[in-house]
Amino acid sequence: MLTLYFVLPVFHRFELNLQQAFSQFLAARYGLDLPVVIEQPKQPEFGELAVPLAFQLARQLRQAPKKIAAELIEGIGSIDGVAAMEIAGNGYINIRLDRGAYGQALLRAEPETSAGAGGKIVVEHTNINPNKAAHIGHLRNAVLGDTFVRMLRSRGRNVEVQNYIDNTGVQVADVVAGFHFLERKTPSEVRELAARAEPRFDYVCWDLYARTAQHLNQNPDLGWRSETLHAIEAGHGELAEMGAVVAGAIVEHHLDTMLRLGIEYDVLPRESEILHLQFWAAAFEQLRHTGAVHLETQGKNAGCWVMPAAAFSAGSEVDDSKVIVRSNGTVTYVGKDIAYQLWKFGLLGKDFYYRPLRQYPDGHRVWQSTDQPQVEPAPAFGNAVRVYNVIDARQSYLQDVVVAGLKALGAVRQAEASIHFSYEMVALSPRCCADLGIELSEEDRRRPYIEVSGRKGLGVKADDLIDQLIATALREVDSRHPEDPEQTRRRVATQIAVGALRYFLLKFTRPTVIAFDFQEALSFEGETGPYVQYAAVRARSIGRKLEARGATLPDFANELTREALARQLQAEDFWQMLLAASKADSAIERAVAAGEPANVSRYAFTLAQAFNNFYHQYPILSETDREKKVFLLWMTDFFRAQLERVLGVLGIEVPEFM
């Protein structure tokens, strides 16, 4: 119906024009090359921008900042797009933009074309052990990672999305041990179980994993885990065959679960290939050759290859060496992760073979590593200039060890470009536990949140959570729109549920522990996904109502001249609303720099609030003054486009109705 357009960062362009004018004057008048800082005044009545340059120059020129500010304003003269420059306080220069010129710049902005700038960025996220169904904690990782990818791509960065599959680890080994030793199943029986639609295989493994963990805790001398782990790492025998069946089937379930939230990947590197293709052997040789690791000959780590604590514990409470290779010859997780990190940067001198795993509905293909020579050409993966590892805060120590490994190998630049994109855990509110039928003790009911535990089987499966959110949203949609087709109502309910879930997981800053709550997430009021979606739906409804009256959107570029825009934007509320809505690019760019998706969700909420106030205050379609009506329609369409754009960055769709 209405065309979605992407505006250039007009506000940022005006900032650059201002910086250039001041920089040129500094060079011409004083022969100085200083960075020109542009600030935004705390109060809107002081203008749109502020330049504190006079304070920087005061010491060098030995003059009062106020006198220097006056000289700067007089010497620079007029700047395109600037209506006035005023001295404030002891020397600040406040800038007032030409509102008509600014509105016209927004109206005539062209789409951005700078895709893939600055070298490849790898974002590794999700990383669920392929041993059971995904749970709510995994969703925070995946949604944070996916949103950060969208943020980067919206600013023109070239991003590769990786999802590391630990298919040879302890968690998979425990499930395989459960099938083999507890249930006495053969690989073919497990394969048959995995092929069934019901019961879901990832749910079966969820229960088996908890049962096996409990059994091994009660019988620590059985040796099932180590035997299974060795077999899986070696890649031979029944246990290894069963491990491949379990991990492969679970990964497919995980991809299905994440796709429900709009999350896709480019490549799934697997731990098995890191071992079978000698990635770890190559990394280990480098580490051993440089002395980054050494063989411990005595003490508790005798027979282990370790990295000394001095290499990675600066500023840390950890004062013990980190085991990289155990005395039995098996490689720890962090050892394999060092090899993986080296490959991401193209420092290992090796590559995986690849095979296409599946094609998403949008046509995009996800590839998976393999140790068999590939049949068809694959994209070039890895070789990043920067890497973000989305891993929870409890893994900070291990991430420090990985970085230390890179530094020990002389890869200092790559170590500095290795970013631990950490976050805190997701728990459940007691009310959410009650909604899900989880029984709690009286003591637990009084807690602010309930922690989940996969080993104890306490938690919420991601698909169960999504299903319940959809069911709750569907009841609301059915009550409001009973006349619409069932398929449409379910699609809308799904969009609302997914939007609610993603927004709830994003609105908290990364270091915050989340206590998930159904009622809070699905509320149509307050800082929620449905509230922001509702604002976008309202903005779209104006266009639909216009069409229902037999009219179309005006030709804004022809009808809204610079003078007309200046007249309408004299109203301070219009000007502040337009200014806020035009800062989407700046808001996303700042959020990228801070590494904080919560800043984008907060901006989306602020934008939705502004539009809802605008919607209630102005009768857009019944406005009789032609110029004002066209202006109000343009403002509505601009808000709609910006809301849709920001929601797209958050991975949230706009429903047909609410």
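The values are calculated or read from the model by the stated rules, or taken from the named source; none is laboratory data. For clarity, every value in this text was computed on a predicted model and none was experimentally measured. Neighbour counts are summed over all protein chains in view; Cβ atoms, including those assigned to glycine, are modelled from backbone coordinates with ideal geometry.
Take Ala593 and decide whether it is surrounded by 21 or more Cβ atoms within 10 Å (Cβ to Cβ), under 25 Å from the mean Cα position of the chain (by Cα) and not assigned by TED's automatic domain parsing to the domain that holds Thr509.
Numbers: surrounded by 21 or more Cβ atoms within 10 Å (Cβ to Cβ): no; under 25 Å from the mean Cα position of the chain (by Cα): yes; not assigned by TED's automatic domain parsing to the domain that holds Thr509: yes.
No.
Given (1) over 21 Å from Leu261 (Cα atoms); (2) part of a strand (DSSP E or B), where does Asn389 come up short, assuming only one miss?
(1)
If you scan the stretch 85-102, which residues turn out to be among the aliphatic types (A, V, I, L, M), farther than 17 Å from Thr561 by Cβ and in contact with a Leu (Cβ under 9 Å, 6 or more places away or on another chain)? Walk me through how you get there before you give the answer.
Kept after step one, since they are among the aliphatic types (A, V, I, L, M), are these residues of the stretch 85-102: 85, 87-88, 93, 95, 97, 101.
Then keep just the ones that are farther than 17 Å from Thr561 by Cβ; that gives 85, 87-88, 93, 95, 97.
Met85, Ile93, Ile95, Leu97 - these are the residues of the stretch 85-102 that are among the aliphatic types (A, V, I, L, M), farther than 17 Å from Thr561 by Cβ and in contact with a Leu (Cβ under 9 Å, 6 or more places away or on another chain).
Could you tell me which numbered condition Leu357 fails, if it satisfies all but one of (1) closer than 21 Å to Leu152 by Cα; (2) in contact (Cβ under 8 Å) with a residue 40 or more places away in the chain?
Among (1) closer than 21 Å to Leu152 by Cα; (2) in contact (Cβ under 8 Å) with a residue 40 or more places away in the chain, Leu357 violates only (1).
Any idea which of Val37, Val123 is hydrophobic (A, V, I, L, M, F, W, C), closer than 30 Å to Cys205 by Cα, out of contact with any His (no Cβ under 6 Å at 6 or more places or on another chain) and touching a residue at least 12 places away in the same chain (Cβ under 8 Å)?
Values: Val37 fails: closer than 30 Å to Cys205 by Cα.
Answer to the selection: Val123.
If you go through the stretch 228-272, how many residues are among the acidic types (Asp, Glu) and more than 30 Å from Ala500 (Cβ to Cβ)? Give the steps one after another, and end with the answer.
Step one: list which residues in the stretch 228-272 are among the acidic types (Asp, Glu), which gives 233, 238, 241, 252, 256, 264, 266, 271.
Filter once more, so that each one left must be more than 30 Å from Ala500 (Cβ to Cβ): 233, 238, 241, 271.
Within the stretch 228-272, residues that are among the acidic types (Asp, Glu) and more than 30 Å from Ala500 (Cβ to Cβ) number 4.
Go through the stretch 196-247 residue by residue and tally those that are small (Gly, Ala, Ser), touching a residue at least 24 places away in the same chain (Cβ under 8 Å) and out of contact with any helix residue (DSSP H, G or I) (no Cβ under 7 Å at 6 or more places or on another chain). First the steps, then the outcome.
Residues of the stretch 196-247 small (Gly, Ala, Ser): 197, 210, 213, 223, 226, 231, 234-235, 237, 240, 243-244, 247.
Imposing the further condition that a residue be touching a residue at least 24 places away in the same chain (Cβ under 8 Å) reduces the set to 210, 213, 226, 235, 243-244, 247.
Add one more test, that the residue is out of contact with any helix residue (DSSP H, G or I) (no Cβ under 7 Å at 6 or more places or on another chain), and what stays is 210, 226, 244.
The total comes to 3.
Pick from Ile391, Ile419: which is closer than 22 Å to Asp266 by Cβ, surrounded by fewer than 19 Cβ atoms within 10 Å (Cβ to Cβ) and either of a type in the set (A, V, I, L, M) or in the same structural domain as Ala471 (by TED's automatic domain parsing) (or both)?
On the way: Ile391 fails: surrounded by fewer than 19 Cβ atoms within 10 Å (Cβ to Cβ).
Matching residue, one of Ile391, Ile419: Ile419.
Let me confirm something: among Ile338, Ile274, which residue is of a type in the set (Val, Ile, Thr), assigned to a helix (DSSP H, G or I) and in contact with a strand residue (DSSP E or B) (Cβ under 8 Å, 6 or more places away or on another chain)? Steps first, please.
Numbers: Ile274 fails: in contact with a strand residue (DSSP E or B) (Cβ under 8 Å, 6 or more places away or on another chain).
Sole residue among the options that is of a type in the set (Val, Ile, Thr), assigned to a helix (DSSP H, G or I) and in contact with a strand residue (DSSP E or B) (Cβ under 8 Å, 6 or more places away or on another chain): Ile338.
So which residues in the stretch 545-575 are of a type in the set (Gly, Ala, Ser), modelled with pLDDT of 95 or more and not in a helix (DSSP H, G or I), if there are any at all?
Let us first name the residues in the stretch 545-575 that are of a type in the set (Gly, Ala, Ser), namely 548, 550-551, 557, 564, 566, 571.
Now restrict to residues that are modelled with pLDDT of 95 or more: 564, 566, 571.
Hit for the stretch 545-575 is Ala571, nothing else.
Please specify each residue of the stretch 606-632 satisfying the condition of being under 33 Å from the mean Cα position of the chain (by Cα) and among the hydrophobic types (A, V, I, L, M, F, W, C).
Hits for the stretch 606-632 are Leu607, Ala608, Ala610, Phe611, Phe614.
Do we have Val176 as buried (at least 19 other Cβ atoms within 10 Å of the Cβ) and under 25 Å from Ile338 (Cα atoms) here? Explain how you work it out, then say what you get.
On the way: buried (at least 19 other Cβ atoms within 10 Å of the Cβ): yes; under 25 Å from Ile338 (Cα atoms): no.
Here the answer is no, as Val176 does not meet what is asked.
Condition check ((1) surrounded by 16 or more Cβ atoms within 10 Å (Cβ to Cβ); (2) in a helix (DSSP H, G or I); (3) in contact with an Asp or Glu (Cβ under 7 Å, 6 or more places away or on another chain)) across all residues:
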site: Ser188; (1), (2), (3): no, yes, no
site: Glu192; (1), (2), (3): no, yes, no
site: Ala197; (1), (2), (3): no, no, no
site: Tyr203; (1), (2), (3): yes, yes, no
site: Trp206; (1), (2), (3): yes, yes, no
site: Tyr209; (1), (2), (3): yes, yes, yes
site: Gln214; (1), (2), (3): no, yes, no
site: Asp221; (1), (2), (3): no, no, no
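I'd like to check which helices (runs of 4 or more DSSP H) are fully inside the stretch 400-448 and have at least 1 residues that are among the polar types (S, T, N, Q). Talk me through it step by step, then tell me what you get.
Details: elements: 412-416, 430-435, 442-445.
Where helices (runs of 4 or more DSSP H) fall fully within the stretch 400-448 and carry at least 1 residues being among the polar types (S, T, N, Q), they are 412-416.
Listed here are the residues, each with its yes/no results for (1) among the aliphatic types (A, V, I, L, M); (2) under 29 Å from Ala497 (Cβ atoms); (3) assigned to a helix (DSSP H, G or I).
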position	(1), (2), (3)
Val532	yes, yes, yes
Gly543	no, yes, yes
Ala580	yes, yes, yes
Glu589	no, no, yes
Ala593	yes, no, yes
Ala604	yes, yes, yes
Gln609	no, yes, yes
Ser622	no, no, no
Phe631	no, no, yes
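Filter the stretch 120-150 down to residues that are of a type in the set (S, T, N, Q) and buried (at least 24 other Cβ atoms within 10 Å of the Cβ) and give me whichever is nearest to Asn389 (Cα to Cα). Show your work before the answer.
Our first condition is that a residue be of a type in the set (S, T, N, Q); within the stretch 120-150, this holds for 126-127, 129, 131, 141, 147.
Checking which are buried (at least 24 other Cβ atoms within 10 Å of the Cβ) leaves us with 126, 131, 147.
Values: Thr126: 10, Asn131: 21, Thr147: 14 Å.
My answer is Thr126.
Within the stretch 450-501, work out how many residues are more than 22 Å from Asn131 (Cβ to Cβ), outside any loop (DSSP other than H, G, I, E, B) and at pLDDT 90 or above. So that I can check it myself, show each step before the final result.
Filtering the stretch 450-501 for residues more than 22 Å from Asn131 (Cβ to Cβ) gives 450, 468-501.
Filter again for outside any loop (DSSP other than H, G, I, E, B), leaving 450, 468-480, 486-501.
If we keep only those that are at pLDDT 90 or above too, we end up with 468-480, 486-501.
Residues in the stretch 450-501 being more than 22 Å from Asn131 (Cβ to Cβ), outside any loop (DSSP other than H, G, I, E, B) and at pLDDT 90 or above: 29 in total.
Report the residue count in the stretch 624-658 for those that are of a type outside the set (D, E, K, R), closer than 18 Å to Leu107 by Cα and buried (at least 21 other Cβ atoms within 10 Å of the Cβ). Even if it seems obvious, please write down each step before you answer.
Of all residues in the stretch 624-658, those of a type outside the set (D, E, K, R) come to 624, 630-636, 638-639, 641-643, 646-652, 654-655, 657-658.
Cutting the leftovers down to closer than 18 Å to Leu107 by Cα gives us 630-636, 638-639, 641-643.
Filter once more, keeping what is buried (at least 21 other Cβ atoms within 10 Å of the Cβ): 631, 633-636, 638-639, 642-643.
The qualifying residues number 9.
Filter the stretch 99-150 down to residues that are of a type in the set (Asp, Glu) and modelled with pLDDT of 95 or more, then give me how many there are. Before you say what the answer is, go through the steps one by one.
Pass one, the stretch 99-150, residues of a type in the set (Asp, Glu): 110, 112, 124, 146.
Within this subset, residues satisfying the condition of being modelled with pLDDT of 95 or more are 124, 146.
Of the residues in the stretch 99-150, 2 are of a type in the set (Asp, Glu) and modelled with pLDDT of 95 or more.
Kindly list, by first and then second residue, each pair from a residue in the stretch 291-313 that is exposed (fewer than 15 other Cβ atoms within 10 Å of the Cβ) to a residue that is of a type in the set (Phe, Trp, Tyr), limited to pairs with Cβ atoms under 8 Å and residues at least 6 apart or on different chains.
Cβ pairs passing all conditions: Leu295/Trp305.
Show me the helices (runs of 4 or more DSSP H) entirely contained within the stretch 53-155 in which 3 or more residues are farther than 25 Å from Ala594 by Cβ and not basic (Lys, Arg).
On the way: elements: 53-61, 65-76, 99-107, 136-154.
Ranges flagged: 53-61, 65-76, 99-107.
Sort out which residues of the stretch 34-53 are crowded, with 16+ Cβ neighbours inside 10 Å and of a type in the set (Asp, Glu), and write them in order of number.
Of everything in the stretch 34-53, just one residue is crowded, with 16+ Cβ neighbours inside 10 Å and of a type in the set (Asp, Glu), namely Glu48.
Answer yes or no: is there a residue in the stretch 503-519 that is assigned to a strand (DSSP E or B), touching a residue at least 60 places away in the same chain (Cβ under 8 Å) and farther than 26 Å from Val251 by Cβ. Explain how you work it out, then say what you get.
First, the residues of the stretch 503-519 that are assigned to a strand (DSSP E or B): 514-516.
Next, only the ones that are touching a residue at least 60 places away in the same chain (Cβ under 8 Å) stay: 514-516.
Retained after the next criterion (residues that are farther than 26 Å from Val251 by Cβ): 515.
The answer is yes; a qualifying residue exists.
To keep it simple, each residue is scored yes or no on (1) charged (D, E, K, R); (2) surrounded by fewer than 21 Cβ atoms within 10 Å (Cβ to Cβ); (3) assigned by TED's automatic domain parsing to the domain that holds Glu627.
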position: Asp484; (1), (2), (3): yes, yes, no
position: Thr488; (1), (2), (3): no, yes, no
position: Arg491; (1), (2), (3): yes, yes, no
position: Gln495; (1), (2), (3): no, no, no
position: Thr509; (1), (2), (3): no, yes, no
position: Thr512; (1), (2), (3): no, yes, no
position: Arg538; (1), (2), (3): yes, yes, yes
position: Arg562; (1), (2), (3): yes, yes, yes
position: Ala566; (1), (2), (3): no, yes, yes
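State which residue is modelled with the lowest pLDDT when the search covers only the stretch 304-316 and only residues that are within 20 Å of Arg394 (Cα to Cα) and more than 30 Å from the chain's Cα centre (by Cα). Walk me through how you get there before you give the answer.
Initial filter on the stretch 304-316 (within 20 Å of Arg394 (Cα to Cα)): 307, 309, 311-316.
Those still in the list that are more than 30 Å from the chain's Cα centre (by Cα) too: 307, 309, 311.
Values: Met307: 91, Ala309: 83, Ala311: 80.
Residue satisfying both the conditions and the ranking: Ala311.
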